[in-house]
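Just below is one structure, and these are the notes that go with it.
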Amino acid sequence: MGQNDSYQTQLSVNQTTRKSTTGSVSKTTATTKATQTAYRKKKPVGKMVLFGAMSLGAYALLLTNMKVVTETFTLGGWYAVLPVGTAFLFSFVHGAFASNFLSVLGLEPKKS
């Protein structure tokens with residue numbers, strides 16, 4: 001079945017009993033097809049918008065306060081942790097946005 005198929009076919013086996021004109025009873029097996037709608041995952045549009053806005057806000061905040069960021073990040077000592085933390089923050093927020101964006105577009109990894 002492809003990814004875009006909206007229905008799954010399910011085979012069911014029913015046992016039927018028939019009475020012939022001679023009076024003997026015969027049991028036969030009949031196979032029928034029943035269709036049911038497939039389960040569709042809800043698309044994470046809200047998460048995509050949230051992480052997109054957070055990413056855009058973080059970049060805007062960083063770029064509008066470049067002088068303060070540069071002065072603070074270059075103080076040395078424990079302030080040297082701030083650039084690393086900022087990089088992790090940007091990486092997480094942007095990665096979450098990109099992942100949700102691809103899910104909304106319908107691009108999912110193959111299940112092996």
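A short reminder: the numbers here are calculations on the coordinates, not readings from a lab. Since the structure is predicted, the reported quantities are computational estimates derived from the model, not experimental observations. A quick note on method: Cβ atoms are made from the backbone with ideal geometry, for glycine too, and the neighbour counts reach across all protein chains shown.
In this label model, TYR39 and ALA87 are separated by 4.1 nm, measuring between points 7 Å along each Cα→Cβ vector. Computed over the stretch 45-105, the percent of Cα pairs more than 16 Å apart is 52.
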